[in-house]
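The values are calculated or read from the model by the stated rules, or taken from the named source; none is laboratory data. What you are looking at is a predicted structure, and each value in this text was computed from that prediction instead of being measured. Glycine gets a Cβ as well: all are built from the backbone with ideal geometry, and neighbour counts include every protein chain shown. Areas reflect the complete protein model, heavy atoms only, side chains present, ligands, DNA and RNA absent. Shrake-Rupley method; radii C 1.70, N 1.55, O 1.52, S 1.80 Å.
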Amino acid sequence: MGWAMRLVLLGPPGAGKGTQARLLTAKFDVAHVSAGDLLRQAVADGSELGQTAKSIMAQGALVPDEVVIGIIEERLCRSDCAGGYILDGFPRTLRQAEALSEVTRLLHAPLDWVISVEVAEDDLVQRLAGRRICRTCGSMFHGDTKPPMRIGVCDNCGGLLFQRDDDKEDTIRHRLRVYREQTEPLVAYYSKMDLLRRIDGRGTIEEIAERIHQVLGDKQA
Ligand code: AMP
């Protein structure tokens, strides 16, 4: 495929960005760049950066812009992103969005779309509180809506499922507040740049994927 797809998935925690990003990367063979995954990896590695990020993430607050911007810039310049990428969880602040605009300008590789996945707040709490993730392959399950065949075990790879520390109700509420205050302004930012497409984030994984494909189809046509 000659077309390198560069997308940002914007939306509150629990909107399904990670799930949709994984589907898109598999389908279009582009890189999945998840800020949260990169930070969780740094925490697991115990790097200096990970130690800074750990308690901030556990509280559901945002890691400082300069830290996250550095990680993402480095990631976007790696060779696997040359064929396109799906950004998931970045940018989350205006400063991060401006840094991304600068990177895409320097690389002469503009974004195709910023897709805002919209879901009501009560649904988000329910989705996040029931979420379970595979330690090995990152697949996501949900106690009510997408239970694994065997409790605690990943259907795809047999890995063990876990609940993220920040998927507890108090922390979820805080993350949603942070989203409203710091990230939601990006909807207006990208709308002004004519990059924003909004989609309804309710319904099944397949229904949401179909809405994203419609947006992408518009661009390819
Ligand atoms: P996520 O996996 O996207 O829900 O991110 C988990 C946590 O990582 C967030 O609650 C933040 O603490 C941190 N994080 C992820 N992405 C960013 C970002 N772009 N800027 C600052 N902190 C972030």
Work out how much length Val67 to Asp29 would gain on full extension: take 0.36 nm times their residue separation and subtract the Cα-Cα distance, in nm to one decimal.
10.9 nm
Nearest-20 debye value, the chain charge dipole, Cβ charges on Lys, Arg, Asp, Glu
240
Just to confirm my numbers, what's the Cα centroid distance between the stretch 92-116 and the stretch 1-32 in Å?
15
Where a ≥ b ≥ c are the square roots of the eigenvalues of the C-alpha gyration tensor, would you call the stretch 155-221 rounded, which needs a/c under 1.5, or, failing that, prolate if a/b is larger than b/c, or oblate?
oblate
Heavy-atom accessible area of the chain with neighbours in place, 1.4 angstrom probe: carbon+sulfur share in percent works out to 50
On the full set of protein chains, 1.4 Å probe, figure out the accessible area of Val67 and give it in Å² to the nearest 10.
40
Count charges around Ser191 for me, please; just the other residues with Cβ under 11 Å from its Cβ, Lys/Arg as +1, Asp/Glu as -1.
+2
Counting only protein chains, not ligands or nucleic acids, how are His108, His142 ordered by accessible area (probe 1.4 Å), most first?
His108, His142
Solvent exposure, largest accessible area first (probe 1.4 Å, DNA, RNA and ligands not counted), of Trp113, Trp3:
Trp3, Trp113
Could you please put Met5, Met140, Met149 in sequence from largest to smallest accessible area, using a 1.4 Å probe?
Met149, Met140, Met5
Counting only heavy atoms of the protein chains, get the accessible area per residue of the chain (1.4 Å probe) and round it to a whole Å² value.
51
Of the listed links Lys54/Lys146; Lys146/Lys168; Lys27/Lys54; Lys27/Lys168, those spanning more than 23 angstrom between alpha carbons are Lys54/Lys146; Lys27/Lys54; Lys27/Lys168
